[in-house]
Amino acid sequence: MAPKMEVKSLDAWYGSRQVLYEVSLDIPEGAVTAIIGPSGCGKSTFLRCLNRLHEETPRSRSSGAILLDGEDLYKKDVVTVRFRVGMVFQKATPFPNMSIYENVAAGLRLLGVHRRDELDEGVVDALQRAGLWEEVQENVDAPGTSLSGGQQQRLCIARALAVRPEVLLMDEPCSALDPIATNRIEGLIATLRSEYTVVIVTHNLAQARRVSDHTAFFYLGKLVEFDETAKVFENAREKLTENYVSGRFG
Amino acid sequence: MNAARGSTEAKNAPRVRLLRGLDRIFHAATAAFAAGILLLVGTFLAVLLSGAWPAIVRYGFGFLTGDVWDGVHNIYGALPAIVGTLLTSGLALLLAVPIALGVAIFLSDIAPPRLREPLSYVVDLTAAIPSVVLGFWAFIVVVPWMRGTVEPALASVTGGVGPFSGPALGLDILTATIVLAVMILPTIAAVSREALRAVPRIQRESALSLGATRWEATRMVALGQARSGIVGGIILGLGRALGETIAVTMVIGNIFQIPTSLLSPGQTLASQIGNNFGEVGPGIGLDALVELGVILFAITLAVNVIARLLIWRMGENGRSDPSRSRWRLRSPWALARRSRRPLGARSSTAPEPWRERVHAAAAARIVRRRTVQWVMVGLTVACVVVALLPLTSVIITAVEHGGGAVSTASFYTSEPPLECNPGPGRTCSLGGIGPAIEGTLILLGVAALFAVPVGLFAGIYLSEYGRRSRHPLARSASFLADVMTGVPTILVGVFVFVLFLQFDHNSATSALSGGLALGVLMLPIVTRATEESLKSVPNGVREAALALGFPRHRVSLRVVLGSARRAVVTGILLALSRAAGDTAALIATAGGSNFWFQGLDRPTAAITPFIFNNFSSSYSNLQEDAWGAALVLLLLMLVISLGARLATRSTGAGLDGE
Ligand SMILES: Nc1ncnc2c1ncn2[C@@H]1O[C@H](COP(=O)(O)OP(=O)(O)OP(=O)(O)O)[C@@H](O)[C@H]1O
Ligand SMILES: [Mg+2]
C-alpha cells in the first residue's frame, strides 16, 4: 500500500539550533505509527512538522519535503493541511470559553458545517468515537473545563476527530493520565486504526508496543530506526535501538 | 559542646527578646500605615460630603434635574454636566474600543514577534502624555481640523440635522469625545493586549490544528478567553474618560447647556469643576461645585462596581458548575434521539463519504476565509496606524512650537515674560519657566515626602503581613487603594482644598496643599506597586532568610524589599511621573503664580498649570513658552518611562518567551 505521508530528508531548526537532521520516513496508511526516543530528541518537533504547526513557532524553520498522498504539504494551503492532519496535544486543551458541545463543534463550524442537525450528528459521533458520549450526554452544555483530566483529553480527541482528519497526530496523549484513562485511550486508538492513520509519540515503551504497527526510534534529532513494531522491540537492527528499548538508557 | 550552645543561648536571650519586640513594633507600624489609607479614604468621603452638604440640603433632588448654573442668583443644577459627561465618555468608548481591540490583537497575535515589544511600548507611551499637553495639542491641531474639515463634511453628508446640526465650532462635544478617545485608547489596548497574551499559546495551536486560520484562532479562542480582561480594560478606560478634566476643558467649549447636537459646546462634571473652582470663593457656589464632585465620584464608583460584578460573573461562567447550564441544551431532542442509538450503529456513518463531501466543500471556502484573514490583518494594521497618529502628531507639534524654547538655556532659569507680540521694530523676550520648574520640583518633593514612606510601609504590610492573614485591614486597604487610583484627580484637588479650608483659608491654595494633593494622588500607586513587587518575590527567599534566623522585620526590609527594590523604585518613579503630569489636582490647590517660590504656605507656580493658563494665550511669546513647557514635560515622561522599562526588563523576567 502506498504510504499516507512521506517525509524526505526533513531538517528543522529553532532559531539557529538544529533539532532534526535528515529525517526520512514513510508513514503507512491505516496503521498506527509510534515514535519513541529520549526526551529532547525531537519527537514533538517532528510531529509538529507533519501538520505544519512547526512554522507557527517564532523563529523556527524547516527544510525537506513532506508529502501527503503524494502531494507536497508546503504547496497546499495550510488550512487544508491542518484539517486533513489533526493533532492532539500532551496536555488536554479544551477551550475554556466553550461548552463540551461547542468544543467539539468548533472544528465543524470551521469546515463550514452550520446546519443544526449536521452539527449535532457530527458532535455526537465524535464524542462516541472518543468514548466520552456516555459520560457527557446529559451535560453537553457544561464547560469543557468542568471535566476530569482524562475526560478532557478524550474531549480533545473528540474535537480532533470531529473534522474527520485523514491523519491523527498524538503527542504523548496519555502522559498526564492515570492507568485507567490511559487504557481507554489505547483502546480508542485501536479502533481508530481502520479509518485513520495515526502517529503517536510516547515515552511509554509498553504502550508503543501495545498500540502501534510500526515504530520509529529517534535519537538526538536523527531517525535511528524505523520498522515494524515487533522487529524494533525484539530484533532491532541498531545497537542503539536495542539498548533503548531494553531500558539500558534514556 | 551542648554546654557551649546553652551558654550562647543564654547570652542571646535579651537580644532575642529585643528582636521580637522590634518585630512587633514593625508589624504594628506597617499596619498603622495601611490603616492610614483607610483613614485617608474615609476623610476623603467625609470632606467631599460635608463640603457639598449645604448645597445638597438647599437644592435637594432638584440639583440633579436643574439645567442652570447661575452664580449670581445662586441657582444651580447639574443636569447639563451629567449629560455631557455620560455623552462624551460613552461616545469616546464607542470610538476607542474597536480601535483599541484592533491594536491589541495586532500586538498580541499578528505582529512579527520582534516588532511586538517595541511597538507595544510606543503605543503605551501615548498613555503617558500628560492631559494638559494632549489638550494643548488638540486645541492647536484637532480643533481647527474639526472646524475646517470634519464638521463641515459631516454637516454636508448628513444634511446638518439632528446630532449634526449647528455651526462648525470645533470646540464642542464631538471634539471632546475624540480627545477622550485618544486618551483612553492606549489604556484599553494595553490591558486587552495583556489579556490576550495571557491566553496560552497551546490554545491557539489547538485551534490552528483544527484548521483555523490565525484570525479564526484569535476570534474563537483568544478573544473568548480574554473577555473578562478586555472588559476590565474598557472599564478602566471609561473611568479615566469620566473623570478627565483638563483636556476636556480645553476643547469642549465650556458652555453650561444640555447639548442638542454633537457639534454644540457643552460641559462635563469634571470640566465644570475645573473651570470654576479657582474663581468662586467659599459659599454656596463652591458647595455646589463640590456636589458636582460627589456626583462624579458616585458615577465612577458605580462604573467600577458594575465592572467588578461583570468580570466576576464572566469568571464564574468560565468554570461554573455544570448544573446551571445543563438545561440550556441547544437542541435537546436531536441529541436525545441520537443518544439512544447504539454505539455499534456507528459504521453506518462511515467517515469516507462525509469526509470527502465536507472536506471538498471546506477546501472550496478557503479563499474566502483567507480573504477574511487578510482583511482582518489589514484592519488591525490600520488600527495601529490610527492609534499612533496622535502621539506622532503631539511630538511633531511640540517640537515645532517648543523646540526653540527648550534649546535656549535661559528658558529654564527665567521668569515668564511680559505679554508681547512681535511687530515692526519690536522683538519679544522669550522668558522662561524657571519658577514653574522650581515649583513642580517642590510640589513633587512635598508629595513624595508624604506618599513614599506611607505607601512603602503600607505596601510592605499588605504583602508581608496581609497576604497570609487575609486580615480585613489588608483586604480593605488593598481594595481602597485600587479605588483611589481610579478617582478623578480633580476630585483629589477639591478634597485637599476643602480640607484646608476648614483649617486655614489662606493656605488652601499653597505649595503645601498642592504638594499634598499630588501626594494623595501618588499614595495608592506607590502602595499597590510596592505590594505587587514584594508579592512577586518568591516565598523561598523569605523562608531561607527566616531559617537563617533573621528577624521578621529584617527579612521584610532587607531581603524582600532588597530583592524587589528595582520594581519598587520603578513604581515610585511612575507615581512621580503621574504627579508631575497632573494638572487638575493643582489648579484646585496650588493657586498658580508667576514668581519664584515664596514659601510653602503661598501659592506656587508649576509646569502644568503654566501650560493650562497660557495654552490659548494670544501672546506669541507666552504660547511659545507653554509649548516649551509641554516639550519639557514630554521629555520627562519619556525619560521616566524608558528608565522604568529598562529597570523592569533587566530583572530578567521572561528573557526569551519562546
Ligand atoms: N519552542 C522552542 N524553542 C527553542 N527550542 C525548542 C523549542 N521547542 C523545542 N525545542 C528544543 O528542540 C529540541 C527537541 O524538542 P522536542 O520538543 O521536539 O523534543 P521531544 O523529543 O518531544 O522531547 P520530550 O520527549 O521531552 O517531549 C529540544 O532540545 C528542545 O530543547
Ligand atoms: Mg515532546
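Hey, among the residues in the stretch A:88-97 that are more than 16 Å from ligand 2 (Cβ to nearest atom), within 7 Å of another protein chain (Cβ to nearest Cβ) and surrounded by 20 or more Cβ atoms within 10 Å (Cβ to Cβ), which one's farthest from B:Q225 (Cα to Cα)? Step through it out loud before you land on a result.
Filtering the stretch A:88-97 for residues more than 16 Å from ligand 2 (Cβ to nearest atom) gives A:94-97.
Of the ones still in play, those that are also within 7 Å of another protein chain (Cβ to nearest Cβ) are A:95-97.
The next check asks that each one be surrounded by 20 or more Cβ atoms within 10 Å (Cβ to Cβ); those that pass are A:95, A:97.
Working: A:F95: 8, A:N97: 6 Å.
Across the stretch A:88-97, the extreme among qualifying residues is A:F95.
May I ask you to list pairs of residues, at least six apart or on different chains, whose Cβ atoms are under 7 Å apart, with the first in the stretch A:167-183 being within 11 Å of another protein chain (Cβ to nearest Cβ) and the second being within 16 Å of ligand 2 (Cβ to nearest atom) and among the small types (G, A, S)?
A:D171/A:S44
Please indicate, with yes or no, whether at least one residue in the stretch A:7-21 is under 28 Å from A:L240 (Cβ atoms) and more than 15 Å from ligand 1 (Cβ to nearest atom). Spell out the reasoning first.
Applying the first criterion (under 28 Å from A:L240 (Cβ atoms)) to the stretch A:7-21 yields A:7-21.
Subsequent filtering for residues that are more than 15 Å from ligand 1 (Cβ to nearest atom) retains A:8-9.
Checked against the condition, which is being under 28 Å from A:L240 (Cβ atoms) and more than 15 Å from ligand 1 (Cβ to nearest atom), the stretch A:7-21 yields at least one hit.
Check the stretch B:596-603 and report whether any residue there is under 24 Å from B:T245 (Cβ atoms), buried (at least 20 other Cβ atoms within 10 Å of the Cβ), touching a Ser or Thr at 6+ places or on another chain (Cβ under 7 Å) and not assigned by TED's automatic domain parsing to the domain that holds B:S131.
The answer is yes; a qualifying residue exists.
Would you check if there is a residue in the stretch B:571-592 being crowded, with 19+ Cβ neighbours inside 10 Å, at pLDDT below 85 and within 24 Å of B:I37 (Cβ to Cβ)?
No, the stretch B:571-592 has no match at all.
Could you go through the stretch A:125-135 and let me know if any residue there is at pLDDT 90 or above, more than 9 Å from chain B (Cβ to nearest Cβ) and within 16 Å of B:E205 (Cα to Cα).
Looking through the stretch A:125-135, none of the residues is at pLDDT 90 or above, more than 9 Å from chain B (Cβ to nearest Cβ) and within 16 Å of B:E205 (Cα to Cα).
Yes/no per residue for (1) at pLDDT below 95; (2) outside any strand (DSSP E or B); (3) in contact with an Asp or Glu (Cβ under 7 Å, 6 or more places away or on another chain):
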| site | (1), (2), (3) |
| --- | --- |
| A:M1 | yes, yes, yes |
| A:G30 | yes, yes, no |
| A:I35 | no, no, no |
| A:C41 | yes, yes, no |
| A:F46 | no, yes, no |
| A:E55 | yes, yes, no |
| A:P58 | yes, yes, yes |
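Have a look at B:L134, B:L119, B:L94, B:L169 and point out the one that is buried (at least 19 other Cβ atoms within 10 Å of the Cβ) and either aliphatic (A, V, I, L, M) or on the phi < 0 side of the Ramachandran plot (or both). Steps first, please.
Details: B:L119 fails: buried (at least 19 other Cβ atoms within 10 Å of the Cβ); B:L94 fails: buried (at least 19 other Cβ atoms within 10 Å of the Cβ); B:L169 fails: buried (at least 19 other Cβ atoms within 10 Å of the Cβ).
Among B:L134, B:L119, B:L94, B:L169, only B:L134 is buried (at least 19 other Cβ atoms within 10 Å of the Cβ) and either aliphatic (A, V, I, L, M) or on the phi < 0 side of the Ramachandran plot (or both).
Taking the condition among the aliphatic types (A, V, I, L, M) and modelled with pLDDT under 95, does B:V367 pass?
Values: among the aliphatic types (A, V, I, L, M): yes; modelled with pLDDT under 95: yes.
Judged against the criteria, B:V367 is a match.
I'd like to check something: does the stretch A:72-87 contain any residue that is within 16 Å of ligand 1 (Cβ to nearest atom), under 24 Å from B:W215 (Cα atoms), within 12 Å of chain B (Cβ to nearest Cβ) and buried (at least 23 other Cβ atoms within 10 Å of the Cβ)? Break it down stepwise before answering.
Going residue by residue through the stretch A:72-87, those that are within 16 Å of ligand 1 (Cβ to nearest atom) are A:87.
Now restrict to residues that are under 24 Å from B:W215 (Cα atoms): A:87.
Retained after the next criterion (residues that are within 12 Å of chain B (Cβ to nearest Cβ)): A:87.
So of that shortlist, the ones also buried (at least 23 other Cβ atoms within 10 Å of the Cβ) come out as A:87.
Yes, because at least one residue in the stretch A:72-87 is within 16 Å of ligand 1 (Cβ to nearest atom), under 24 Å from B:W215 (Cα atoms), within 12 Å of chain B (Cβ to nearest Cβ) and buried (at least 23 other Cβ atoms within 10 Å of the Cβ).
Pairs needed: first member in the stretch A:33-44, without any contact (Cβ under 8 Å) to a residue 40 or more places away in the chain; second member anywhere, more than 10 Å from ligand 2 (Cβ to nearest atom) and hydrophobic (A, V, I, L, M, F, W, C); C-beta distance under 9 Å; at least 6 residues apart or different chains.
So the pair list comes out as A:G40/A:V19; A:G40/A:L220.
Regarding the stretch A:139-148, can at least one residue be identified that is touching a residue at least 60 places away in the same chain (Cβ under 8 Å), over 14 Å from the mean Cα position of the chain (by Cα) and facing another protein chain (nearest Cβ under 7 Å)?
Residues of the stretch A:139-148 touching a residue at least 60 places away in the same chain (Cβ under 8 Å): none.
No, because not a single residue in the stretch A:139-148 is touching a residue at least 60 places away in the same chain (Cβ under 8 Å), over 14 Å from the mean Cα position of the chain (by Cα) and facing another protein chain (nearest Cβ under 7 Å).
Report every pair of residues separated by at least 6 positions or lying on different chains whose Cβ atoms are under 6 Å apart, first residue within the stretch A:111-123 and facing another protein chain (nearest Cβ under 7 Å), second polar (S, T, N, Q) and part of a loop (DSSP other than H, G, I, E, B).
That search, which allows pairs on different chains as well, returns A:R116/B:S331; A:D120/B:S331.
Please pick out the residue among B:L210, B:L238, B:L242, B:L263 that is more than 20 Å from the chain's Cα centre (by Cα), more than 14 Å from chain A (Cβ to nearest Cβ), buried (at least 20 other Cβ atoms within 10 Å of the Cβ) and not β-branched (V, I, T). Before you say what the answer is, go through the steps one by one.
Values: B:L210 fails: more than 14 Å from chain A (Cβ to nearest Cβ); B:L238 fails: more than 20 Å from the chain's Cα centre (by Cα); B:L242 fails: more than 20 Å from the chain's Cα centre (by Cα).
Being more than 20 Å from the chain's Cα centre (by Cα), more than 14 Å from chain A (Cβ to nearest Cβ), buried (at least 20 other Cβ atoms within 10 Å of the Cβ) and not β-branched (V, I, T) holds for just one of B:L210, B:L238, B:L242, B:L263, which is B:L263.
So that you can scan it fast, the table gives a plain yes or no per residue for (1) over 8 Å from A:A34 (Cα atoms); (2) more than 14 Å from chain B (Cβ to nearest Cβ):
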| position | (1), (2) |
| --- | --- |
| A:V199 | no, no |
| A:T202 | no, yes |
| A:L205 | yes, yes |
| A:A208 | no, yes |
| A:S212 | no, yes |
| A:T215 | no, yes |
| A:Y219 | yes, yes |
| A:F233 | yes, yes |
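If I filter the stretch B:463-482 down to residues being surrounded by fewer than 16 Cβ atoms within 10 Å (Cβ to Cβ) and within 20 Å of the chain's Cα centre (by Cα), which single residue comes out as farthest from B:L521 (Cα to Cα)?
Residue satisfying both the conditions and the ranking: B:F479.
Looking only at the stretch A:16-43, count every residue that is surrounded by 14 or more Cβ atoms within 10 Å (Cβ to Cβ), more than 13 Å from ligand 2 (Cβ to nearest atom) and either acidic (D, E) or within 14 Å of chain B (Cβ to nearest Cβ) (or both) and tell me the total.
3
For the stretch A:52-71, what are the residues that are away from ligand 2 (no atom under 15 Å from the Cβ) and either within 14 Å of another protein chain (Cβ to nearest Cβ) or loosely packed, with under 15 Cβ neighbours inside 10 Å (or both)? So that I can check it myself, show each step before the final result.
Just the residues of the stretch A:52-71 that are away from ligand 2 (no atom under 15 Å from the Cβ), to begin with: A:52, A:55-56, A:58-59, A:61-71.
Listed by number, the residues that qualify are A:R52, A:E55, A:E56, A:P58, A:R59, A:R61, A:S63, A:A65, A:L68, A:D69, A:G70, A:E71.
Count, please, the residues in the stretch A:224-250 that happen to be polar (S, T, N, Q) and touching a strand residue (DSSP E or B) at 6+ places or on another chain (Cβ under 8 Å). Give the steps one after another, and end with the answer.
So in the stretch A:224-250, the residues polar (S, T, N, Q) come out as A:229, A:235, A:241, A:243, A:246.
Remaining after also requiring touching a strand residue (DSSP E or B) at 6+ places or on another chain (Cβ under 8 Å): A:229, A:241.
Residues flagged as polar (S, T, N, Q) and touching a strand residue (DSSP E or B) at 6+ places or on another chain (Cβ under 8 Å) within the stretch A:224-250 amount to 2.
If I ask for residues that are within 16 Å of ligand 1 (Cβ to nearest atom) and surrounded by 24 or more Cβ atoms within 10 Å (Cβ to Cβ), which ones from the stretch A:154-183 would you list?
If the condition is that a residue be within 16 Å of ligand 1 (Cβ to nearest atom) and surrounded by 24 or more Cβ atoms within 10 Å (Cβ to Cβ), then A:L169, A:M170, A:P173, A:C174 are the ones that fit.
The values are calculated or read from the model by the stated rules, or taken from the named source; none is laboratory data. Just so we're clear, the structure is a prediction, and the values are computed from it rather than from any experiment. A quick note on method: Cβ atoms are made from the backbone with ideal geometry, for glycine too, and the neighbour counts reach across all protein chains shown.
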